[in-house]
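Peer 1: Sharing a structure here in structure tokens format.
What follows is calculated from the coordinates using simple rules that are stated; it is not laboratory data. Computed from a predicted structure; not experimentally measured. Every residue, glycine as well, gets a Cβ built from its backbone with ideal geometry; the counts of neighbours run over all protein chains shown.
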């Protein structure tokens, strides 16, 4: 199938990218010659948002995401996809994966590819801003504690940005999201206790102080009806070439993520 035909049949490719791993435990890009074709890559990334969370037949899929992230613009596409599924508790690419990757990186390396990705993403078309806006302004009472913690984890990592709009909006979103879940605040602070970024630690402390009137003794988590959501220091980035990085799975030997463009 030539490139023009791929784009003309993009809807079919996206459907196959979802159904093949769900029904036959095989990935579309493993069945085609041009696995790096933009249409095949786009179909795969779209499928990650909509396929069943257990429909990931091979751990090596993380290596395919690394392939994508090394192409021009691919890194941003990978991050956007991960943010879209970041609050889904059972998804292998949720915020836990993002956190395992970012927390192990030194600040200069992290800024070179994650913080630069966040910069200027103020539009409703941006997945990260939609997530922040949802946590800040929407009714989140239906969200499970597990999903709320995953969402809060992603938003807390947005505090690494030197973009004031992103950083301030993230702080307000965290306060709004956790106001009725004070029992999650301590868990979030422990999760970020080893982060080498004063912006993150300072914002966490400020948020806790602003929530002091609603924080009570920790209580048992209260389950809600839904389990997850799909959403649809002024520092300079490290100079020179951007270092390669990867988003780590449960095993340190497997990773997916962002490489240099």
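Peer 1: Can you give the extra length, in nm with one decimal, that the chain gains between residue 36 and residue 19 once fully stretched, where that is 0.36 nm per residue apart less the Cα-Cα distance?
Peer 2: The residue 36-residue 19 span can extend by a further 4.2 nm.
Peer 1: Hey, with R₀ at 30 Å, roughly what FRET efficiency would residue 133 and residue 198 work out to, going by the Cβ-Cβ distance, to 0.05?
Peer 2: 0.70
Peer 1: Using a/c under 1.5 as the rounded threshold, could you call the stretch 35-116 rounded, prolate or oblate? The axes a ≥ b ≥ c are square roots of the C-alpha gyration tensor eigenvalues, and prolate needs a/b larger than b/c, oblate otherwise.
Peer 2: oblate
Peer 1: Hey, with R₀ at 25 Å, roughly what FRET efficiency would residue 8 and residue 123 work out to, going by the Cβ-Cβ distance, to 0.05? Show your work: numbers first, answer last.
Peer 2: Working: r = 28 Å, r/R0 = 1.14.
It comes to 0.30.
Peer 1: Another one. Order 150-162, 15-27, 36-48, 78-90 from most to least packed using the mean count of other Cβ atoms within 10 Å.
Peer 2: 150-162, 78-90, 36-48, 15-27
Peer 1: Using alpha carbon centroids, what distance separates the stretch 100-177 and the stretch 28-86, in Å?
Peer 2: So the separation of the two Cα centres works out to 22 Å.
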